[in-house]
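The values are calculated or read from the model by the stated rules, or taken from the named source; none is laboratory data. Remember, it's a predicted structure, so these values are computed and weren't measured experimentally. Heads up, the Cβs are rebuilt from the backbone with ideal geometry, glycines too, and the neighbour counts pull from every protein chain shown. Surface accessibility is based on the protein's heavy atoms, side chains included, excluding ligands, DNA and RNA. Shrake-Rupley method; radii C 1.70, N 1.55, O 1.52, S 1.80 Å.
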Amino acid sequence: MMPAIRCEALSKTYRVPERDPGLWNAAKSLLHRRTRDVQAVKEVTFDVAPGEIVGFLGPNGAGKTTTLKMLSGLLNPSAGHVRVLDFEPFRRDREFLRQITLVMGNRNQLVWDLPVADSFERNRAIYRLQRGQYEHTLAELTELLDLQDLLRKPVRNLSLGERMKCEIAVALLHRPQILFLDEPTLGLDVTMQRRIRTFVAQYNERLGATILLTSHYMADVEALCQRVVVIHHGQLLFDGALADLVTRFSPHKTIVVDLEREGLDLSAYSDSITVEGSRVTLLVPKADTAQVTGRLLADLPVIDLTVEEPPIEEVIEQVFNLEAGGSAA
Amino acid sequence: MIGGFGDIYRTLFGLELAVMFQYRAAVIIWLLGLVLQPIVYMVVWLRVAESKGGRVGDFDAGTIAAYFLVMMLVNHATFTWHMFEMGWRVRSGFFNAILVQPLHPWHRDVLQNVAYKVLALGVMLPVALLLAWYFKPTLDPPLWAAVAFVPAVLLAFLTRFFLEWTLALLAFWITDTSGLNNLYMAFVLIFTGRLAPLSLLPQGLQSFAAWSPFQWMVAFPVELLLGRLTPAQTAHGFAMQALWILLGFGVMQLAWGRASKRYSAVGA
């Protein structure tokens, strides 16, 4: 099957002006403008299959948004190839634009001064939607995102969460096959985040849409993405199942033991121990997990014992820190 | 092409009009500027004519009043402001949401422009009638000229729109375009006939205006309605408008292609 999204050695270089501070340097820059090439994305290669939801992860400035902008046709790649639904995005073919959407947490497609319903009406016209299909989709989105009370409110009077729901709805009115979601839950409270996550999952299920999602909230990624692509300093760091990311980048497991009494010395079992009363948390090398667990159970008065993978946030943080330290995985 | 865009144009026009209603005060303030400027020039030229025995060039008090009143209406119908907005659009990331939609941005700008014009006409026309009652203009065009005036204004708008939209695209290359905009506005003031009828300018400047798009953006429809043009001159005017529209549209598309390639989609 042809991938919905295909990037091959995709690169983007920005030319940015730079000068040293001070008046003299400002005057000098009038005559001699100095620029520097910043490579935001370096030879990134990955495919996304139709219907797949992929988490696109990386720290700030990693190149995620630049990549999304290249995939949605906003930016012209400096090098490499990119095909989305077999279109070359940057040509911004109308047929291509009708099948994609880009939702960015802090940008809006809503008409600021008018009631929300007017923005829907505008997109109906721009995307040339049949009246029947439009009304059906609008009713569906209104129900799924609970928009009924918002439709007549001017956009400028909406709260951040309400606006984000409306942003998502207006961006999906034309039932795009490809969704580029850049921090769709940014700044939202936990309830609203969950609601949007559920909605994205339902949309994917009902329409078989392909979704590339960036988020700093790991809960979004864990709930929606089987697969993650990790990018750092513009380079692809990891592409695979979320579970494999943990296996690959976290060499430890966490053992939590509840003991019958406090004050026992567990330093012989791990170098990293956290004690909270009679509950002790030990970080142990993955390979030693079984052996340490066995010893704990044999040696100590254990009431309960659990073995856990470290939280995904910690793993991701570890990945980024590793890279920042220059020791590529 | 427009036919296929019927629904888009109707819908967007309605929405732009609704947005304009939200900015009633701003619309009125803009209008004040558009009304006051030609009145000032008219009064100055009436004084000049008076000091010269009632005429300046081939204009008398009645035709001077007619010239500046029609000028006020034509300038209102044809002026654009996108040159002053484009820099902000590029810097703020405003284009990000627009560029992923299957509609070229210039369509929205045309509709926004027309919506403003239509709304403002409700104030502009009564003001023009009031001024006409006070200044008593001499306006008696032949019927064919009055009829030709309508398409001449429409084409004048397109000539001006495409040229100014193309110039606005310079914001993709230059961080601050305000200096350039002011220079351009000085050209507009002189060579479109807003400051003075073109026939009162030195011959060299008149020739420049005739070969540039400026004369056809404003002065041509004005002189047409004043009955100062022969059918042959009118036909030449329409031909020049057609030429500049084609050229302007072509260059605009070309410049847009380059500009959007250069676009760095800032603003996250």
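General remarks:
- Selection count, segment A:205-224, where residues are outside any helix (DSSP H, G or I) and either open to solvent by 10 Å² or more (accessible area, probe 1.4 Å) or touching a Ser or Thr at 6+ places or on another chain (Cβ under 9 Å) (or both): 6
- Qualifying residue in segment A:23-37 (condition: closer than 11 Å to residue A:234 by Cα and assigned to a strand (DSSP E or B)): no
- Restricting attention to segment A:87-99 and to residues that are assigned to a loop (DSSP other than H, G, I, E, B) and buried (at least 18 other Cβ atoms within 10 Å of the Cβ), the residue that is nearest to the other protein chains (Cβ to nearest Cβ) turns out to be A:98.
- Given (1) closer than 20 Å to residue B:95 by Cα; (2) part of a helix (DSSP H, G or I); (3) not β-branched (Val, Ile, Thr), number of the condition residue A:110 does not satisfy: (2)
- Taken together, the criteria place residue A:37 among residues that are free of Cβ contacts under 8 Å to residues at least 40 places away in the same chain and within 19 Å of residue A:76 (Cα to Cα).
Quick grid of which residues meet (1) open to solvent by less than 10 Å² (accessible area, probe 1.4 Å); (2) of a type in the set (Phe, Trp, Tyr):
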| position | (1), (2) |
| --- | --- |
| A:120 | yes, yes |
| A:132 | no, no |
| A:173 | yes, no |
| A:176 | yes, no |
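- Whichever residue in segment A:282-299 is within 34 Å of the chain's Cα centre (by Cα) and surrounded by 17 or more Cβ atoms within 10 Å (Cβ to Cβ) and, among such residues, is nearest to residue A:247 (Cα to Cα): A:284
- Residues of segment A:114-127 that turn out to be at the interface with chain B (Cβ under 7 Å from one of its Cβ atoms) and either over 30 Å from residue A:70 (Cα atoms) or without any contact (Cβ under 8 Å) to a residue 24 or more places away in the chain (or both), as a count: 6
- Breaking point among (1) assigned to a helix (DSSP H, G or I); (2) open to solvent by 10 Å² or more (accessible area, probe 1.4 Å); (3) modelled with pLDDT of 90 or more, for residue A:137: (2)
Yes/no per residue for (1) open to solvent by less than 60 Å² (accessible area, probe 1.4 Å); (2) of a type in the set (Asp, Glu); (3) within 14 Å of chain A (Cβ to nearest Cβ):
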{"residue": "B:199", "(1), (2), (3)": "yes, no, no"}
{"residue": "B:208", "(1), (2), (3)": "no, no, no"}
{"residue": "B:227", "(1), (2), (3)": "yes, no, no"}
{"residue": "B:231", "(1), (2), (3)": "no, no, no"}
{"residue": "B:236", "(1), (2), (3)": "no, no, no"}
{"residue": "B:253", "(1), (2), (3)": "no, no, yes"}
{"residue": "B:257", "(1), (2), (3)": "yes, no, yes"}
{"residue": "B:262", "(1), (2), (3)": "no, no, yes"}
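- If the condition is being open to solvent by less than 30 Å² (accessible area, probe 1.4 Å) and in a loop (DSSP other than H, G, I, E, B), then segment A:240-268 contributes A:250, A:266.
- When segment A:100-116 is filtered for residues that are open to solvent by 40 Å² or more (accessible area, probe 1.4 Å) and closer than 21 Å to residue A:196 by Cα, the ones remaining, listed by number, are A:106, A:107, A:108.
- Scope segment A:143-162; condition out of contact with any helix residue (DSSP H, G or I) (no Cβ under 7 Å at 6 or more places or on another chain) and either within 14 Å of chain B (Cβ to nearest Cβ) or open to solvent by less than 10 Å² (accessible area, probe 1.4 Å) (or both); matching residues: A:154, A:156, A:157
- Complete set of residues in segment B:19-65 that are within 14 Å of another protein chain (Cβ to nearest Cβ) and open to solvent by less than 40 Å² (accessible area, probe 1.4 Å): B:19, B:20, B:27
- Test: residue in segment B:46-59 that is among the hydroxyl-bearing types (Ser, Thr, Tyr) and touching a residue at least 24 places away in the same chain (Cβ under 8 Å): no
- Of the criteria (1) at pLDDT 90 or above; (2) open to solvent by 30 Å² or more (accessible area, probe 1.4 Å); (3) part of a helix (DSSP H, G or I), which one residue B:194 fails: (3)
- Filter result for the condition that a residue is open to solvent by 50 Å² or more (accessible area, probe 1.4 Å), within 20 Å of residue A:227 (Cα to Cα) and among the β-branched types (Val, Ile, Thr), over A:65, A:45: A:45
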